[in-house]
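Below is one structure; the comments refer to it alone.
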Amino acid sequence: MTTANRPRPKVMSLSDSAAKRVAEIMANRPGAIALKLGVTKGGCAGMEYTMEWAEEIGKFDEVIEEKGIKILIDPMAVMYLLGTEMDYQVDKLSSGFVFNNPNQQGACGCGESVNLVPAAPDRLAEVKG
């Protein structure tokens, strides 16, 4: 099988609860066509996840459509999010989106920032196909 015929794996996936919560929030966001995810330098652990509503798809955005939700991945974040599952969790004191990321090596005590490493070159090559 050539690489042209091989299906491209998704950069990330959504749990059922994350998809449901994104759909609920998006219903109140006129003009938003997708949720855009990325990472930026910051916080005491080195990086932070970013989330914003998108009204258009950027030229180089990675587009993921799953469970009726469209997610855009900032092109600079792909190597840090490869293999990540986005979940939505509710407990007694808080609720929020959680990223189960195999590229995360640590997090700060408050949970606002993470230590991420780029995906291994072989895993990144699978996505770029």
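The values are calculated or read from the model by the stated rules, or taken from the named source; none is laboratory data. Quick caveat: nothing in here was measured; it's all calculated off a predicted structure. Every residue, glycine as well, gets a Cβ built from its backbone with ideal geometry; the counts of neighbours run over all protein chains shown.
Tally the residues that are closer than 14 Å to A23 by Cα and within 9 Å of the chain's Cα centre (by Cα), restricting the search to segment 47-94.
Number of matching residues: 2.
Cβ-Cβ under 7 Å, sequence separation 6+ or interchain: first residue in segment 90-104 and without any contact (Cβ under 8 Å) to a residue 12 or more places away in the chain, partner polar (S, T, N, Q) and surrounded by fewer than 16 Cβ atoms within 10 Å (Cβ to Cβ). Which pairs?
Matching pairs, first to second residue: S95/Q89; G96/Q89.
Considering segment 44-82 alone, what residues qualify as being within 18 Å of A32 (Cβ to Cβ), surrounded by fewer than 17 Cβ atoms within 10 Å (Cβ to Cβ) and among the basic types (K, R)?
Selection gives K67 alone.
For segment 35-117, list the strands (runs of 3 or more DSSP E) that sit wholly inside it and hold at least 2 residues that are of a type in the set (A, V, I, L, M) and modelled with pLDDT under 90; which are they?
Because the criterion is at least 2 residues that are of a type in the set (A, V, I, L, M) and modelled with pLDDT under 90, the strands (runs of 3 or more DSSP E) in segment 35-117 that meet it are 114-116.
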